[in-house]
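The values are calculated or read from the model by the stated rules, or taken from the named source; none is laboratory data. No experiment lies behind these values; they were computed from the predicted model shown. Neighbour counts run over all protein chains shown; Cβ positions are idealised from the backbone, glycine included. To get the accessible areas, we keep the full protein, side chains included, count just its heavy atoms, and leave off ligands, DNA and RNA. Shrake-Rupley method; radii C 1.70, N 1.55, O 1.52, S 1.80 Å.
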Amino acid sequence: EGTKLKVAIEAGIHDTVGIDLVAMSVNDIVVQGAEPLLFLDYFATGKLDVAIGTEVVKGVAEGCRQAGCALVGGETAEMPGMYARGDYDVAGFALGAVERDQVLPRRDMAEGDVVLGIASSGVHSNGFSLVRRIVSDGGLKYDAPAPFAKNETLGRALLAPTRIYVKSALALIRSGHVKGFAHITGGGLTENAPRVVPDDLDIEIDLGAWKLPPVFQWLARAGGVEEREMLRTFNCGIGMLAIVPAEHATQAQSILTAAGERVFRLGHIIPGKGEPV
């Protein structure tokens, strides 16, 4: 969650951070090939504001609904010495299950496998220290209109909740046509993608295969952030990668699209030494 919470607190928008909290946990579980089963949340604050606490937990419940997992309990802590008035923190824990022989990534990843990119819903939950700096350097307010989105405030647009990929990823897993997933979080494409491929392979991605969404175009322009830094900090419009056999790539794309995702064919696996190309 990190500094995205600061934006939520400053903007006074508390109903989406709970979804982010669940998303960051369950998306990390499904990339192992596992199905998330249960979630527990922890909400800490100086003095409990019931209205804010309710909004946050409502978001947690919505995230669990989207992920198909149960919210089985949680903890609320009041620590006046730890948190300034109005500040709060959230953390969470998810548990999932997978048969031992079904764990991803699979060992048979090979040259020629296709890399599919699944669209993100926005900034998700990473790079917010930089986002906050760009907003503050630009003298912008979170309740002002977003420069990159129609009919939305900047706060609401930046707080768009992290997309939960559980149901679409499980559909692809059940088809048997996926060798690995990479959840694109902190470190962006360049640091998350190589983790799923063996050391003797690389991922080659065509940056022209999808269009940089408006929020990232704005961040790059307003912050003077160069391409390499953008790719290392943000998801840049791709929240999840799926590595699939070339002969099943079209089918895999159809399964994800039928499950409601926007999918791009980004590139393929090439021989290499575990560095993104």
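Only residues that are more than 23 Å from the chain's Cα centre (by Cα) and in contact (Cβ under 8 Å) with a residue 60 or more places away in the chain: list them for segment 92-101, please.
Step one: list which residues in segment 92-101 are more than 23 Å from the chain's Cα centre (by Cα), which gives 99-101.
The answer is none; no residue qualifies.
If you take the residues of segment 152-168 that are assigned to a helix (DSSP H, G or I) and either modelled with pLDDT under 95 or of a type in the set (D, E, K, R) (or both), which of them is least open to solvent (accessible area, probe 1.4 Å)? Full working, then the answer.
Start the filter on segment 152-168 by keeping residues that are assigned to a helix (DSSP H, G or I), which leaves 154-158, 166-168.
Now restrict to residues that are either modelled with pLDDT under 95 or of a type in the set (D, E, K, R) (or both): 156, 167.
Values: Arg156: 88, Lys167: 120 Å².
Only one residue fits best here, namely Arg156.
Could you please let me know if Arg265 is charged (D, E, K, R) and either assigned to a helix (DSSP H, G or I) or closer than 19 Å to Ala67 by Cβ (or both)? Give the derivation first.
Values: charged (D, E, K, R): yes; either assigned to a helix (DSSP H, G or I) or closer than 19 Å to Ala67 by Cβ (or both): no.
Against the criterion (charged (D, E, K, R) and either assigned to a helix (DSSP H, G or I) or closer than 19 Å to Ala67 by Cβ (or both)), Arg265 does not qualify.
State whether one or more residues within segment 44-60 are of a type in the set (Asp, Glu), without any contact (Cβ under 8 Å) to a residue 60 or more places away in the chain and open to solvent by 50 Å² or more (accessible area, probe 1.4 Å).
As a first pass, look at segment 44-60 and keep what is of a type in the set (Asp, Glu): 49, 55.
Narrowing further to those that are without any contact (Cβ under 8 Å) to a residue 60 or more places away in the chain: 49, 55.
Of the ones still in play, those that are also open to solvent by 50 Å² or more (accessible area, probe 1.4 Å) are 49, 55.
The answer is yes; a qualifying residue exists.
To keep it simple, each residue is scored yes or no on (1) assigned to a helix (DSSP H, G or I); (2) more than 28 Å from Asp15 (Cβ to Cβ); (3) modelled with pLDDT of 95 or more; (4) of a type outside the set (A, V, I, L, M, F, W, C).
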| residue | (1), (2), (3), (4) |
| --- | --- |
| Ala91 | no, no, yes, no |
| Pro105 | no, yes, yes, yes |
| Gly112 | no, yes, yes, yes |
| Val115 | no, yes, yes, no |
| Val123 | no, no, yes, no |
| Leu130 | yes, no, yes, no |
| Val135 | yes, no, yes, no |
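Would you confirm, using the coordinates I've provided, whether Gly74 is modelled with pLDDT under 95 and either β-branched (Val, Ile, Thr) or surrounded by fewer than 18 Cβ atoms within 10 Å (Cβ to Cβ) (or both)?
Working: modelled with pLDDT under 95: yes; either β-branched (Val, Ile, Thr) or surrounded by fewer than 18 Cβ atoms within 10 Å (Cβ to Cβ) (or both): yes.
Yes: the conditions hold for Gly74.
Count, please, the residues in segment 128-148 that happen to be aliphatic (A, V, I, L, M), touching a Phe, Trp or Tyr at 6+ places or on another chain (Cβ under 9 Å) and open to solvent by 20 Å² or more (accessible area, probe 1.4 Å).
1
Which is among the charged types (D, E, K, R), modelled with pLDDT of 95 or more and open to solvent by less than 10 Å² (accessible area, probe 1.4 Å), of Asp41, Asp20, Asp15? Quick ask: steps written out before the conclusion?
Details: Asp41 fails: open to solvent by less than 10 Å² (accessible area, probe 1.4 Å); Asp15 fails: open to solvent by less than 10 Å² (accessible area, probe 1.4 Å).
Testing whether each residue is among the charged types (D, E, K, R), modelled with pLDDT of 95 or more and open to solvent by less than 10 Å² (accessible area, probe 1.4 Å) leaves just Asp20.
Could you list, in sequence order, all residues of segment 40-56 that are out of contact with any Phe, Trp or Tyr (no Cβ under 7 Å at 6 or more places or on another chain) and either within 18 Å of Arg163 (Cα to Cα) or among the aromatic types (Phe, Trp, Tyr) (or both)?
Result: Tyr42, single match.
I'd like the full set of residues that are out of contact with any strand residue (DSSP E or B) (no Cβ under 8 Å at 6 or more places or on another chain) and either in a loop (DSSP other than H, G, I, E, B) or modelled with pLDDT under 95 (or both), limited to segment 169-180. Full working, then the answer.
At the first step, the residues of segment 169-180 found to be out of contact with any strand residue (DSSP E or B) (no Cβ under 8 Å at 6 or more places or on another chain) are 171, 173-176.
The answer is Gly176, and nothing else.
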